[in-house]
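The values are calculated or read from the model by the stated rules, or taken from the named source; none is laboratory data. The model shown is predicted, which means the values in this text are computed figures rather than measured ones. Don't worry about glycine lacking a Cβ; one is built from the backbone with ideal geometry, like all the others, and counts go over all protein chains shown. Ligands, DNA and RNA are excluded from the accessible area calculation, which covers all protein heavy atoms including side chains. Shrake-Rupley method; radii C 1.70, N 1.55, O 1.52, S 1.80 Å.
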Amino acid sequence: MNGAADDREARLNAALAQFGLAGAQVKLIRHNENEIYDVQAEERRFALRIHIPAEGFAPLPLCGADGFAKRRAEAELLLLLAENGFRVQRPVPGKDGKTVQTLPGGVPATLLCWLAGESFDALWKEADVPDGAAFAAGRAAGRLDGFTKDCVRRFASRRPRYGERTLPVLAQRLRAAREAGAVNDAQLAGLLAALAAMAPRMRAAERETGLCVCHADLSGGNLIWDGTDASPIDFSLSGLASPYFDLAGMFASFTRENVRKALLAGFEEGYGKRAELRLAEPYFALGILLFVCQRYEAAGDWDWFSSALARWLRETFLPLARGESFLAL
């Protein structure tokens, strides 16, 4: 094996030992900001996360806390949600009783119970989600964001902050992407114009809703359907934002109009308030920008990235810069 593979195996074996799972069956699920494994030990099943980014993934500095403090805060959030009736993955402590383990090289690792069901992506590959499931997903997000409005101060120093404060960080990273050749001058100009237009709408959104602790990554892969209800998984990116960030995240994953209508209706029921889609639009753009700004170093190897960026500019960033709405139903 090469050095990188040796390091990965060493981290994995150390994590399994520290969580008391040596000899378990393990399968890598994905590796983006974390290595995530499906772990089966006898009749138990877990999600093991080793918090080290993949090559070409450059996390943004959106929180001053170190990796261990952020992971402990996530575990604390999950326990709080579970204690208040939310169906979430509970953190599992290691043999020393700590929810965050330290692996060779100072890498954090966490273990979560497995949540029964299938992801929306696995069940509905074309994003043609049934109305009932879409409504349930929206309601779950709305309930989550409504509950965590009272938790902002508790987690403020230990979770990322998404919103207007994020924009200068994105601008700096977009200029680095231009230097790397991932975007050209015209594209950079369009993206920076969109950033300028996002700021006042984000301020307006926060005046209307206040802040909550958003999930911040409600893609189809992070929504689980158990046959009757929807539940979010993987809170590793959770942080402070307007609730519109979670609504926008679901709209980014599900593009069919009927699905979006059901998501919106469920979100409004769960959150207990009508939503104004114009205020969700800067957060829709933010989700795309977070992806671009963290993955641009790898984008040169993706044959689809150039056409995707052109489409994002045409359908999202340039309309946003012109003050036009693009999420109206």
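Filtering region 242-273 to residues that are open to solvent by less than 30 Å² (accessible area, probe 1.4 Å) and not in a helix (DSSP H, G or I) leaves S242, P243, F254. May I ask you to verify whether A180 is in contact (Cβ under 8 Å) with a residue 60 or more places away in the chain, over 21 Å from the mean Cα position of the chain (by Cα), within 18 Å of L289 (Cβ to Cβ) and crowded, with 19+ Cβ neighbours inside 10 Å? Here the answer is no, as A180 does not meet what is asked. Taken over region 274-311, the residue count meeting the criterion of being within 20 Å of A241 (Cβ to Cβ) and in a helix (DSSP H, G or I) is 18. Of all residues in region 97-118, which are on the phi > 0 side of the Ramachandran plot and in contact (Cβ under 8 Å) with a residue 40 or more places away in the chain? Of everything in region 97-118, those that are on the phi > 0 side of the Ramachandran plot and in contact (Cβ under 8 Å) with a residue 40 or more places away in the chain turn out to be G105, G117. Taking the listed residues D128, D121, the one that is over 20 Å from the mean Cα position of the chain (by Cα), at negative phi, open to solvent by 50 Å² or more (accessible area, probe 1.4 Å) and in contact (Cβ under 8 Å) with a residue 12 or more places away in the chain is D128, with no other qualifying. Considered as a group, the residues in region 132-176 that are surrounded by fewer than 22 Cβ atoms within 10 Å (Cβ to Cβ) and among the acidic types (D, E) include one that is farthest from A241 (Cα to Cα), and that residue is D150. Scanning region 201-241 for residues being among the acidic types (D, E) and either under 15 Å from C151 (Cβ atoms) or outside any helix (DSSP H, G or I) (or both) gives a total of 4. The set of residues from region 32-56 being in a strand (DSSP E or B), open to solvent by less than 50 Å² (accessible area, probe 1.4 Å) and in contact with an Asp or Glu (Cβ under 9 Å, 6 or more places away or on another chain) comprises I36, F46, A47, L48, R49, I50. All conditions in (1) open to solvent by 20 Å² or more (accessible area, probe 1.4 Å); (2) at pLDDT 95 or above hold for L112, with the sole exception of (1).
The set of residues in region 183-200 that are part of a helix (DSSP H, G or I) and without any contact (Cβ under 8 Å) to a residue 12 or more places away in the chain comprises D185, A186, A189, P200.
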